[in-house]
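Asker: One structure, as structure tokens, below. Some questions next.
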Protein chains: 4
Amino acid sequence: MAGSSIGTLFKLTTFGESHGVAIGGIIDGVPANQVIDIEAVQDELDRRKPGQSAIVTQRKESDKVEFLSGIFEGKTTGSPIGFMIKNDDQKSNDYDHIKEVFRPSHADFTYNSKYGHRDHRGGGRSSARETASRVVAGAIAKQILASLGIEIVAYVDQVGSIKLGSDIDYNVIDDNPVRCPNMIVAAEMEALIKEVRKDGDTIGGSVRCEINHVPVGLGEPVFDKLHADLGKAMLSINAVKGFELGSGFECVSMRGSDHNDLFNEDGSTQTNHSGGIQGGISNGMPITMRIAFKPVATIIQTQTTLNKVGELVEMDGKGRHDPCVVPRAVPIVGAMAAITVLDFYLRDRATNL
Amino acid sequence: MAGSSIGTLFKLTTFGESHGVAIGGIIDGVPANQVIDIEAVQDELDRRKPGQSAIVTQRKESDKVEFLSGIFEGKTTGSPIGFMIKNDDQKSNDYDHIKEVFRPSHADFTYNSKYGHRDHRGGGRSSARETASRVVAGAIAKQILASLGIEIVAYVDQVGSIKLGSDIDYNVIDDNPVRCPNMIVAAEMEALIKEVRKDGDTIGGSVRCEINHVPVGLGEPVFDKLHADLGKAMLSINAVKGFELGSGFECVSMRGSDHNDLFNEDGSTQTNHSGGIQGGISNGMPITMRIAFKPVATIIQTQTTLNKVGELVEMDGKGRHDPCVVPRAVPIVGAMAAITVLDFYLRDRATNL
Amino acid sequence: MAGSSIGTLFKLTTFGESHGVAIGGIIDGVPANQVIDIEAVQDELDRRKPGQSAIVTQRKESDKVEFLSGIFEGKTTGSPIGFMIKNDDQKSNDYDHIKEVFRPSHADFTYNSKYGHRDHRGGGRSSARETASRVVAGAIAKQILASLGIEIVAYVDQVGSIKLGSDIDYNVIDDNPVRCPNMIVAAEMEALIKEVRKDGDTIGGSVRCEINHVPVGLGEPVFDKLHADLGKAMLSINAVKGFELGSGFECVSMRGSDHNDLFNEDGSTQTNHSGGIQGGISNGMPITMRIAFKPVATIIQTQTTLNKVGELVEMDGKGRHDPCVVPRAVPIVGAMAAITVLDFYLRDRATNL
Amino acid sequence: MAGSSIGTLFKLTTFGESHGVAIGGIIDGVPANQVIDIEAVQDELDRRKPGQSAIVTQRKESDKVEFLSGIFEGKTTGSPIGFMIKNDDQKSNDYDHIKEVFRPSHADFTYNSKYGHRDHRGGGRSSARETASRVVAGAIAKQILASLGIEIVAYVDQVGSIKLGSDIDYNVIDDNPVRCPNMIVAAEMEALIKEVRKDGDTIGGSVRCEINHVPVGLGEPVFDKLHADLGKAMLSINAVKGFELGSGFECVSMRGSDHNDLFNEDGSTQTNHSGGIQGGISNGMPITMRIAFKPVATIIQTQTTLNKVGELVEMDGKGRHDPCVVPRAVPIVGAMAAITVLDFYLRDRATNL
């Protein structure tokens, strides 16, 4: 496999299946002498955890992170930070019904085909539970970035056809279970999610992420353009189907004379269609991204599907799943942004002696 | 910098500035004993080169690839393939007007800020000329993939607001200068591009890419999901602002019951919203992607911009530029797809003994 | 730091300090469907653990490995194997005397200078305790290699000036506490180690390692020559000062006519000065290496040393240390050989389609 | 193959066969704004080139380096430096006699077995000619290191049984064709090499390398210890069979009380058995290494060897070869040291913010 690591200098490697003993990871390349607030890490994890509100999965997982190394007397030592989150809710019998069956639009079929042998319980390694490890690493990266003045904000900007407009208040993001920065739109989204769930169905959504006060100069052309690696980081999150930087797909129908971001005297730009990155290098403007999440594949409906011996069979949906993934995806998107930006911050230090 | 390589086992490293001595690259990890058709490589390069039609830049560059190593008696030896493309058209005086000025929405400002010293001529390293090296590596990857039965097709599906519908004929892609698989839509697109150029302006566009007959099992979860690396590869191309797999951003407004791809008995699926990848691993269905290209930043209009000493100055647009980048982007997209898929094909061979 | 990983496809990343909560690691890129004998892994760990005989350190560490992921129903899933070994013996007060002092020829000074903040207890991250994680990964690699017919044998061939001759019996390696394949020489070595310990001193030693039945063709020229990476793997073990392949330093005084390994008809060679590798690629003969270990730096004698504020101070040696490191180094050398060879075995599979 | 790159941030990738069109490479991650003295690069190449004295191969190769990118107006731009050296002396008929035959202790057999298809002329990719590209990259690294005060010196310290003693004058290294820092010993070595050549034979040798004024703190534990990567770099040079740091294999017979390097008040040490590195991190003392080179395998004698169809045949030695490789290996060793140390210098900058 060997695909379980991300980053060049600030590098996260994760392990763990949904219903194994534990999930966790190793963060290598953490700068030394950084004060780490362990509670703030747990707070980020709590934003991702199941059961936190009425519109997310009701699985019970305490998701308590345990640090095993790399932090001594409250500060990083520069040595790798090992951590784990035990899997308490290992009701693996819940998953006996999918042992021999490939759920539609899940990774059961592809994992089985690729590896021949898999831990089927709860999706095993393909479960989004793995992203809890990313949130831990992201929370540490965020704290280090904050000490450098760099801030990351992520929020839901669309659920189904309900879109956030320009009336945005970052302060209310965590005041509603959807994590939308507008309480009225959030209420509409929440109602839609509840309606969808009542139907035993699920719905897609999108998350916007902004990274503010990034210094000019991060990004390593030509292949490791800053947005290329941000894109990879986001596309590696379960259920993501699309990524946009700045103007995104809207740029397709625009003219250069409208799209060009004209400079101000201080090097900032009057517009930000570039999304804070030009030629793969940050230009000091906010980095703006949008990430599309598909509707969760697990639905509480009967579907025809394939079993391991190649027969089409009826499968009843059951289990505790999210009707819409974006409320819990918000901290994951923020985490991947933080991991990526810190890595490029460190890489940039080698540019000039 | 150290960002000039892509790939894990099949690895391309490129060098070269727009108006230096030459551009080129090294392809390492090429499987041995593969017959290489050098003319077919040159043909792919010719699809990318300037001056090939009335709707692209009229710069004169012969773009002749010279192979320096790794191919012996017509076959690969397993040793790295070094190659270069000399820069014949080095009219560097053409660029004196931008030596002290940062062009809006170009990488002049960010390169200058990051590196302090840059080859400004024609954008130097930030020029899309670098992508010619990608086309060379991609053409070699394509030939190897073809021997494995894997085919890649790329084409323009939107220019400005003109969208390709469902009436598609792959055979006509290279019969029109836009590289659109519908001659009627192509003609409309061509007319739009000419109109835009007449205005001294530019226009955005998008490219679709399909990879067919990919075996089940390519992709290395969790971070190196196949589409995550495809996304990175595409986002690393100059002017790209967005990437979609399968349903892409449309998934946001869909329900799970509509989005799920139900299986056929042979493991194929009735629909392909997944875009040929589930859980980061190819499922045997066509891999489908869409890539958004912004309108070229160079316009033949007067713009206010910033110079090196921090003054806002008027800049007249000049030079030979593309009014729309997508016709020439088609072979680049195909090349990046080929490079990525071959790399994952090789990586997958380590999964089972 | 970001130096905590080794391997390209079969990749080990480790974490943990000597007296933190736990040490452990993640093994990524493990081929799927491999039966793993957990007890055999523990057996290898027991060969490395403290307190196993009278001539090694008498610290009490149970060194029990716990697997957290990647093995399901006794077989690998292709997903990363996470594991940890808890640190039971955390008598950290034992180390208060070195908190403010840099022990001579230890890494206290360099870690303090590089990172500014360190876990001083028992050497922290610089402790050879980290190598227990390597033994775990190595034991898994060995089992997979064994299923491919590849065998690794390591043993002590010198302690102080006492050298093993040509009278060798692999069967007795674990019948003596030195791990020397000749019981008479082993007894001499044991006596020397005891004598040295009585003096409160330590002594150097060397380990030989042979890898048998390696298929022809492993190694990736030019930089990743098989012996270059074997050398790096060995030199990354604590206390190693030298590495030899085949004839090693003896080749310096040899003539080509004597050193050349002449072929037999089957492609094997009459001699093996090459040590099983030519041009960086295995040639099918046994791979033979020799690794030099310095005398342990901790001695039970009073030494003058430096403290954190730059004063020279007297330091009394204490603590439970090894008088000679090689008996416990044998499984570590074997582990690093296994990790490296398996990685190259997997890499080679990408050479030919 | 994918083994043609070395380095993490300062990264060299090479291409080229002995008798192909050209050899060369790409240096990625070069810090920006560094003044480069091109003539000094050529001077280093001239120290490696054939025909420079009576005791090296008399092949005629001009070895002229051409830079293709990355240097603009005399200074690095931070973009990759592409370069090539054309192969003028392509008398490939000289090698027809080895097309079907595997020379003893050469890489003919292993390359043929691994890749199935090879450029046999002059050893093709396995030829030491590839090291010319390393010398180019090393010369650039050396210039950058020199601006940081770091100096590298390499010289021959043994040929056959003739050893350099403690009477050393660095100023005379290039005053004799052996590159030994003692003119009397050099004369003896030269006489031995001539005698060996007269016999149609070859002889081994060793090179010492010192790196002075390295700041404290370079090296990335645990796997990327500074000496582990220096060892890999040296072992990747053709014909190398052994590597020692500091006391090297002598440490085996030493006691800790003799081997420990006691501190001076300024953090330097009274002795330097550690060879300038403790725990994988530089301690500010000179880094001292010794590298063993085997006698060249090509001898002007008749040897029995194997051909491609598995027959033992007589082969007459011919061609223009080096009777002893170390005089020309000196600049290669220095280059690999420079490449490695600069890479770790850049990596270390990410340790503390």
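The values are calculated or read from the model by the stated rules, or taken from the named source; none is laboratory data. Note that the structure is predicted; figures quoted are calculated from it, not measured. All Cβ positions, even for glycine, are placed from backbone atoms using ideal geometry, and neighbour counts span all protein chains on display.
Asker: Of the residues that sit in the stretch D:163-181 and are on the phi < 0 side of the Ramachandran plot and in contact with a strand residue (DSSP E or B) (Cβ under 9 Å, 6 or more places away or on another chain), which one is farthest from the other protein chains (Cβ to nearest Cβ)? Even if it seems obvious, please write down each step before you answer.
Answerer: First, the residues of the stretch D:163-181 that are on the phi < 0 side of the Ramachandran plot: D:163-178, D:180-181.
Add one more test, that the residue is in contact with a strand residue (DSSP E or B) (Cβ under 9 Å, 6 or more places away or on another chain), and what stays is D:163-164, D:168, D:170, D:173, D:178, D:180-181.
Numbers: D:K163: 9, D:L164: 12, D:I168: 18, D:Y170: 22, D:I173: 19, D:V178: 14, D:C180: 14, D:P181: 17 Å.
Among those residues, the one meeting the criterion is D:Y170.
Asker: Can you pull out the residues in the stretch C:198-215 that are among the basic types (K, R) and closer than 17 Å to D:C251 by Cα?
Answerer: Taking the stretch C:198-215 first, the residues among the basic types (K, R) are C:198, C:208.
Passing the criteria: only C:R208.
Asker: Looking only at the stretch D:209-226, how many residues end up being out of contact with any Phe, Trp or Tyr (no Cβ under 7 Å at 6 or more places or on another chain) and either without any contact (Cβ under 8 Å) to a residue 24 or more places away in the chain or within 14 Å of D:A337 (Cβ to Cβ) (or both)?
Answerer: Here the count works out to 7.
Asker: Now a separate question. Of a type outside the set (K, R) and more than 22 Å from the chain's Cα centre (by Cα): is that true of C:H117 in this structure?
Answerer: On the way: of a type outside the set (K, R): yes; more than 22 Å from the chain's Cα centre (by Cα): yes.
So C:H117 passes the test.
Asker: Moving to a separate point now. Please determine, by comparing only the residues of the stretch D:21-46 that are of a type outside the set (A, V, I, L, M, F, W, C), crowded, with 19+ Cβ neighbours inside 10 Å and in contact with a helix residue (DSSP H, G or I) (Cβ under 8 Å, 6 or more places away or on another chain), which one is farthest from the other protein chains (Cβ to nearest Cβ).
Answerer: In the first step, residues of the stretch D:21-46 are kept if they are of a type outside the set (A, V, I, L, M, F, W, C); the result is D:24-25, D:28-29, D:31, D:33-34, D:37, D:39, D:42-44, D:46.
Narrowing further to those that are crowded, with 19+ Cβ neighbours inside 10 Å: D:24-25, D:28-29, D:31, D:34, D:44.
Checking which are in contact with a helix residue (DSSP H, G or I) (Cβ under 8 Å, 6 or more places away or on another chain) leaves us with D:24-25, D:29, D:31, D:34, D:44.
Working: D:G24: 6, D:G25: 7, D:G29: 3, D:P31: 5, D:Q34: 7, D:E44: 19 Å.
This residue is D:E44.
Asker: Here is a further query. In the stretch C:216-247, how many residues are farther than 19 Å from D:E250 by Cα, of a type outside the set (K, R) and in contact with a strand residue (DSSP E or B) (Cβ under 8 Å, 6 or more places away or on another chain)? Working first, answer last.
Answerer: Going residue by residue through the stretch C:216-247, those that are farther than 19 Å from D:E250 by Cα are C:216-230, C:232-233.
Imposing the further condition that a residue be of a type outside the set (K, R) reduces the set to C:216-224, C:226-230, C:233.
Next cut, in contact with a strand residue (DSSP E or B) (Cβ under 8 Å, 6 or more places away or on another chain) only: C:216-224, C:226-227, C:230, C:233.
Matching residues across the stretch C:216-247 total 13.
Asker: In the stretch B:38-89, what count of residues is obtained for those that are of a type in the set (V, I, T) and modelled with pLDDT under 95? Outline the logic, then answer.
Answerer: Quick first cut of the stretch B:38-89, residues of a type in the set (V, I, T) only: B:38, B:41, B:55-57, B:65, B:71, B:76-77, B:81, B:85.
With modelled with pLDDT under 95 added as a condition, the list becomes B:55-57.
Here the count works out to 3.
Asker: Still on this structure, I have one more. For the stretch C:252-276, give me the residue count where each residue is acidic (D, E) and within 27 Å of D:L192 (Cβ to Cβ).
Answerer: At the first step, the residues of the stretch C:252-276 found to be acidic (D, E) are C:258, C:261, C:265-266.
Checking the rest, the ones that are also within 27 Å of D:L192 (Cβ to Cβ) come to C:258, C:261.
Summing the residues that are acidic (D, E) and within 27 Å of D:L192 (Cβ to Cβ) in the stretch C:252-276 gives 2.
Asker: Looking at the stretch C:163-186, which of the residues that are in a helix (DSSP H, G or I) and touching a helix residue (DSSP H, G or I) at 6+ places or on another chain (Cβ under 6 Å) is surrounded by the fewest Cβ atoms within 10 Å (Cβ to Cβ)? Give the steps one after another, and end with the answer.
Answerer: Taking the stretch C:163-186 and keeping what is in a helix (DSSP H, G or I), we get C:170-175, C:183-186.
Applying the additional criterion that residues be touching a helix residue (DSSP H, G or I) at 6+ places or on another chain (Cβ under 6 Å) yields C:172, C:183.
Working: C:V172: 15, C:M183: 12.
Among those residues, the one meeting the criterion is C:M183.
Asker: I'd like the full set of residues that are in contact with a Ser or Thr (Cβ under 7 Å, 6 or more places away or on another chain) and buried (at least 24 other Cβ atoms within 10 Å of the Cβ), limited to the stretch D:211-222.
Answerer: D:V214, D:L218, D:G219, D:P221, D:V222
Asker: Right, another one. Among A:E66, A:E17, which is the only one that is surrounded by fewer than 18 Cβ atoms within 10 Å (Cβ to Cβ) and not hydroxyl-bearing (S, T, Y)?
Answerer: On the way: A:E17 fails: surrounded by fewer than 18 Cβ atoms within 10 Å (Cβ to Cβ).
Checking each option against the conditions leaves just A:E66.
Asker: Here's a follow-up. Restricting attention to the stretch C:131-138, does a residue exist that is out of contact with any Leu (no Cβ under 9 Å at 6 or more places or on another chain) and within 13 Å of another protein chain (Cβ to nearest Cβ)? I'd like the intermediate steps shown before the answer.
Answerer: Step one: of the stretch C:131-138, the residues out of contact with any Leu (no Cβ under 9 Å at 6 or more places or on another chain) are C:131.
Cutting the leftovers down to within 13 Å of another protein chain (Cβ to nearest Cβ) gives us C:131.
Within the stretch C:131-138, one or more residues are out of contact with any Leu (no Cβ under 9 Å at 6 or more places or on another chain) and within 13 Å of another protein chain (Cβ to nearest Cβ).
Asker: With A:G160, A:G231, A:G200 as the choices, which residue is on the phi > 0 side of the Ramachandran plot, surrounded by 18 or more Cβ atoms within 10 Å (Cβ to Cβ) and within 11 Å of chain B (Cβ to nearest Cβ)? Can you show your working first?
Answerer: On the way: A:G231 fails: on the phi > 0 side of the Ramachandran plot; A:G200 fails: surrounded by 18 or more Cβ atoms within 10 Å (Cβ to Cβ).
Only one candidate qualifies: A:G160.
Asker: Among the residues of the stretch D:307-318, are any surrounded by 23 or more Cβ atoms within 10 Å (Cβ to Cβ) and either within 29 Å of the chain's Cα centre (by Cα) or over 24 Å from D:Q34 (Cβ atoms) (or both)?
Answerer: Initially, the stretch D:307-318 is screened for residues surrounded by 23 or more Cβ atoms within 10 Å (Cβ to Cβ), giving none.
Within the stretch D:307-318, none of the residues are surrounded by 23 or more Cβ atoms within 10 Å (Cβ to Cβ) and either within 29 Å of the chain's Cα centre (by Cα) or over 24 Å from D:Q34 (Cβ atoms) (or both).
Asker: So C:K114 fits all but one of (1) crowded, with 24+ Cβ neighbours inside 10 Å; (2) touching a residue at least 40 places away in the same chain (Cβ under 8 Å); what number is the exception?
Answerer: Unmet for C:K114, out of (1) crowded, with 24+ Cβ neighbours inside 10 Å; (2) touching a residue at least 40 places away in the same chain (Cβ under 8 Å): (2).
Asker: Looking for whichever is among the hydrophobic types (A, V, I, L, M, F, W, C), within 24 Å of D:I152 (Cα to Cα) and either at pLDDT 95 or above or not in a loop (DSSP other than H, G, I, E, B) (or both) here; the options are D:V252, D:V196, D:V214. Which one fits? Walk me through how you get there before you give the answer.
Answerer: Working: D:V252 fails: within 24 Å of D:I152 (Cα to Cα); D:V196 fails: within 24 Å of D:I152 (Cα to Cα).
It is D:V214.
Asker: Go through the stretch D:109-125 residue by residue and tally those that are modelled with pLDDT of 95 or more, within 24 Å of D:I299 (Cβ to Cβ) and among the charged types (D, E, K, R).
Answerer: 1
Yes/no matrix, rows are residues, columns are (1) within 13 Å of chain B (Cβ to nearest Cβ); (2) within 22 Å of the chain's Cα centre (by Cα); (3) assigned to a helix (DSSP H, G or I):
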position: A:E61; (1), (2), (3): no, yes, no
position: A:G78; (1), (2), (3): no, no, no
position: A:R129; (1), (2), (3): yes, yes, yes
position: A:L145; (1), (2), (3): no, yes, yes
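Asker: Which pairs do you get when a residue that is more than 7 Å from chain D (Cβ to nearest Cβ), found in the stretch C:237-255, comes within reach of a residue that is hydrophobic (A, V, I, L, M, F, W, C) and part of a strand (DSSP E or B), reach meaning Cβ atoms under 7 angstrom, with the pair 6+ apart or on two chains?
Answerer: C:A239/C:F293; C:V240/C:I291; C:V240/C:A292; C:V240/C:F293
Asker: A further question on this structure: Name the residue that is farthest from D:R129 (Cα to Cα), counting only residues in the stretch D:1-20 that are among the hydrophobic types (A, V, I, L, M, F, W, C) and at the interface with another protein chain (Cβ under 7 Å from one of its Cβ atoms).
Answerer: Of the residues in the stretch D:1-20, the ones among the hydrophobic types (A, V, I, L, M, F, W, C) are D:1-2, D:6, D:9-10, D:12, D:15.
Add one more test, that the residue is at the interface with another protein chain (Cβ under 7 Å from one of its Cβ atoms), and what stays is D:1-2, D:6, D:9, D:15.
On the way: D:M1: 18, D:A2: 19, D:I6: 17, D:L9: 25, D:F15: 11 Å.
Within the stretch D:1-20, the match that is farthest from D:R129 (Cα to Cα) is D:L9.
Asker: Now a separate question. Considering every residue within the stretch D:259-269, establish whether at least one is over 22 Å from C:S257 (Cα atoms), out of contact with any Leu (no Cβ under 7 Å at 6 or more places or on another chain) and crowded, with 24+ Cβ neighbours inside 10 Å. Quick ask: steps written out before the conclusion?
Answerer: We begin by selecting, within the stretch D:259-269, every residue over 22 Å from C:S257 (Cα atoms); these are D:259-269.
Checking which are out of contact with any Leu (no Cβ under 7 Å at 6 or more places or on another chain) leaves us with D:259-262, D:264, D:266, D:268.
If we keep only those that are crowded, with 24+ Cβ neighbours inside 10 Å too, we end up with D:259-260.
Checked against the condition, which is being over 22 Å from C:S257 (Cα atoms), out of contact with any Leu (no Cβ under 7 Å at 6 or more places or on another chain) and crowded, with 24+ Cβ neighbours inside 10 Å, the stretch D:259-269 yields at least one hit.
Asker: Out of everything in the stretch D:272-310 that is in a loop (DSSP other than H, G, I, E, B), modelled with pLDDT of 95 or more and more than 7 Å from chain C (Cβ to nearest Cβ), what residue ends up being nearest to D:P215 (Cα to Cα)?
Answerer: The residue in question is D:G284.
Asker: Something else: In a helix (DSSP H, G or I), away from chain A (no Cβ under 14 Å) and either farther than 22 Å from A:E220 by Cβ or touching a residue at least 24 places away in the same chain (Cβ under 8 Å) (or both): is that true of B:D96 in this structure? Show your work before the answer.
Answerer: Details: in a helix (DSSP H, G or I): yes; away from chain A (no Cβ under 14 Å): yes; either farther than 22 Å from A:E220 by Cβ or touching a residue at least 24 places away in the same chain (Cβ under 8 Å) (or both): yes.
Answer is yes for this residue.
Asker: Another one. Among residues belonging to the stretch B:1-14 that are under 28 Å from A:L353 (Cα atoms) and among the hydrophobic types (A, V, I, L, M, F, W, C), point out the one that is surrounded by the most Cβ atoms within 10 Å (Cβ to Cβ).
Answerer: Only one residue fits best here, namely B:M1.
Asker: Looking only at the stretch B:2-33, count every residue that is of a type in the set (A, V, I, L, M), within 22 Å of C:T8 (Cα to Cα) and not in a strand (DSSP E or B) and tell me the total.
Answerer: First, pick out the residues of the stretch B:2-33 that are of a type in the set (A, V, I, L, M): B:2, B:6, B:9, B:12, B:21-23, B:26-27, B:30, B:32.
When the remaining residues are screened for being within 22 Å of C:T8 (Cα to Cα), the result is B:2, B:6, B:9, B:12, B:26-27, B:30, B:32.
Right, trim to not in a strand (DSSP E or B) and you get B:2, B:9, B:30, B:32.
Qualifying residue count for the region: 4.
Asker: If you take the residues of the stretch D:327-353 that are facing chain C (nearest Cβ under 10 Å) and either surrounded by fewer than 24 Cβ atoms within 10 Å (Cβ to Cβ) or in contact with an Asp or Glu (Cβ under 9 Å, 6 or more places away or on another chain) (or both), which of them is nearest to D:G138 (Cα to Cα)?
Answerer: Among those that are facing chain C (nearest Cβ under 10 Å) and either surrounded by fewer than 24 Cβ atoms within 10 Å (Cβ to Cβ) or in contact with an Asp or Glu (Cβ under 9 Å, 6 or more places away or on another chain) (or both), it is D:F344.
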